[in-house]
Amino acid sequence: MVHQMMKTKTASASSASSKITPMNVRLLRWFVTALIVGTLAACATREPAAPESPAAAAPGKLAPLKGPMVVPGTLAQSKSRWVPVDWSELPGWSEDSPHEAWNAWLRNCERPAPAFAPLCEQVRQLSIAGDEAQRGWMLEHLQPYRIESLEGNPEGMLTGYYEPFLEASRQRGNGFEVPLYQPPAGLAQRQPWYTRQQIEQQPEVQAQLAGRAIAWVRDPVQALVLHIQGSGRLNLLEADGSTRVVRLAFAGTNGQPYRSVGRWLLDRGLVRDATWPGISAWVAANPQRVQEMLWSNPRYVFFREEPLDDLDASFGPRGAQGVALTPGRSIAVDRLSIPYGTPVWLASTGPATQLARLVMAQDTGSAIVGAVRADFFTGWDDAAADLAGRLKQGLRLWALWPK
């Protein structure tokens with residue numbers, strides 16, 4: 001999603017006022033979360049997971065920087081420079097519980113960056129070790145580097161994202177009127193495809209999507225949240241009356257640009273800011289304009305259904321690295337600053353939360369751009385949605401690279 005300078009966080013777009021049910025607390029909560037998580041810079045719709053180019057992550061591609069005013073041993077990435085530091089510089093280093101991050105590291109080893117592949121056997125062996133043993137191993141095998149912009153600025157921004165959890169039905173009806181589609185035939189060859197408004201309005205476009213609805217949800221705003229985040233979970237009511245939880249994963253877009261509906265509201269003077277009181281009051285008072293607002297974002301997302309066994313359910317969707325995300329221990333980054341699969345020490349202090357912990361760079365997003373920039377994966381429950389919606393604060397990062 002595109003970063004917007006607003007006080008909320010997640011953008012939105014989808015559906016018609018004729019489909020809007022009376023506003024209730026749950027809808028408003030979802031709506032504001034959608035605006036918050038999208039407009040303030042969470043990860044935009046996530047591209048499908050793909051293996052990283054070996055050249056992009058190879059340790060040999062981190063060239064030493066040369067010249068005056070540069071600390072010896074400083075390494076260069078395309079968008080950042082890494083300055084070697086002592087472990088004592090890492091805030092909270094001795095207080096974190098690295099074993100809580102070890103599952104994320106084991107996931108890294110499913111698709112390891114070349115620099116870390118030789119360490120994966122030891123990482124697996126340490127999976128049952130205690131915090132002190134894991135911390136000692138990192139001290140012995142890794143070197144911390146402070147991540148800075150090419151101009152030497154170590155300060156950046158942290159936002160959050162999450163995996164929405166929606167009630168859904170396999171069949172249309174009984175209040176379930178908003179479709180979640182798999183891609184139409186030939187989508188990749190015909191981009192940009194139709195806009196959101198055209199998809200929802202034009203009979204010829206609807207004909208191309210006939211029979212391609214994976215499921216139906218009640219609330220177009222909740223559907224929008226799913227579009228924004230790029231994946232989610234459904235508590236799915238089957239035709240036989242049984243229910244099961246499935247995951248919807250990103251499968252493509254219509255190729256249209258993303259537009260923040262929060263920005264749309266601000267630009268028209270419909271709200272003074274995008275805080276909870278302003279947005280919720282506007283939505284409740286203006287149901288006849290909700291469709292207009294949603295159609296201001298032409299981008300539309302298509303999904304594929306994935307089963308969720310007990311193990312899958314304890315992790316998030318697959319990120320751009322191609323491995324499942326771990327709540328509280330996975331981040332999305334700009335891969336031109338930090339290669340996928342890099343262990344990172346993250347420190348952030350602000351009104352939403354206080355963080356000083358080991359995380360893994362395993363994902364990316366179109367709004368996650370810059371040297372010191374990260375999107376923190378919070379999980380999939382209500383608390384995760386709340387934190388992702390409020391998280392926008394200062395950030396410092398340290399890469400932990402093999403010696």
### Query
When the Karplus curve 6.51 cos²θ - 1.76 cosθ + 1.60 is applied with θ = phi - 60°, which whole-Hz ³J(HN,Hα) does each residue of segment 96-110 get, with x for Gly and Pro?
6, 10, x, 5, 5, 9, 5, 4, 5, 5, 4, 4, 3, 6, 6
### Task
Would you please name the trypsin sites (Lys or Arg not before Pro) within segment 112-162 that are DSSP coil residues with at most 13 other C-beta atoms within 10 Å of their C-beta?
none
### Span from the segment 354-402 Cα centroid across to the segment 119-155 one, whole angstrom
17
### Message
Let me check I've understood the local charge: for P98, count other residues with C-beta under 12 angstrom from its C-beta, Lys and Arg +1, Asp and Glu -1. What total comes out?
### Response
-2
### Query
Taking the Cβ of P183 as the center, what net charge do the other residues with Cβ under 9 Å away carry, scoring Lys and Arg +1 and Asp and Glu -1?
+2
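Can you check how the C-alpha radius of gyration of segment 225-365 compares to 2.2 N^0.38 Å, as a plain ratio? Intermediate values should be presented prior to the final figure.
Working: Rg = 18.6 Å, N = 141, 2.2 N^0.38 = 14.4 Å.
Scaled against compact globular proteins, the figure is 1.29.
Kindly rank 199-211, 229-241 from highest to lowest mean number of other beta carbons found within 10 Å of each residue. Intermediate values should be presented prior to the final figure.
On the way: 199-211: 13.1, 229-241: 18.6.
In descending order of packing, they fall as 229-241, 199-211.
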### Query
Along the charge dipole of segment 210-275, Cβ charges K/R +1 and D/E -1, which of G269, S231, V246 sits furthest on the positive end?
G269
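What's the local net charge at Q256, with K and R +1, D and E -1, over the other residues with C-beta under 10 Å away?
Details: positive: R196, R259, R299; negative: none.
Overall, the nearby charge balance is +3.
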### Summary
HN-Hα couplings for segment 167-178 via Karplus (6.51, -1.76, 1.60; θ = phi - 60°), in whole Hz with x for Gly/Pro, come out as 7, 8, 10, 5, 10, 6, x, 6, x, 8, 10, 9
### Task
Starting from the amide H of T243, placed 1.01 Å from N in the peptide plane, find each other amide H under 5 Å away whose residue is 5 or more places distant or on another chain.
E238
### From phi via Karplus (6.51, -1.76, 1.60), per-residue ³J(HN,Hα) for segment 384-401 in Hz, x at Gly/Pro
5, 4, 5, 5, 4, x, 9, 7, 7, 7, x, 8, 9, 9, 10, 7, 10, 10
### Query
How do the peptides 109-115, 384-390 rank, highest first, by the average count of neighbouring beta carbon atoms within 10 Å per residue?
384-390, 109-115
### Task
For F303, enumerate residues with amide H under 5 Å from its amide H, sequence gap 5+ or separate chain, H modeled in the peptide plane.
Y181, Q182, A251
### Message
For a quick size check, give me the Cα extents of segment 300-403 along its three principal axes, largest first, whole Å.
### Response
37, 34, 30
#### Entry: Taking N as its residue count, the alpha carbon Rg of segment 68-162 over 2.2 N^0.38 Å
1.23
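We did not get these values from a lab; they are worked out from the coordinates using the rules stated. Since the model is a prediction, treat every value here as computed from it, not as a measurement. Glycine gets a Cβ as well: all are built from the backbone with ideal geometry, and neighbour counts include every protein chain shown.
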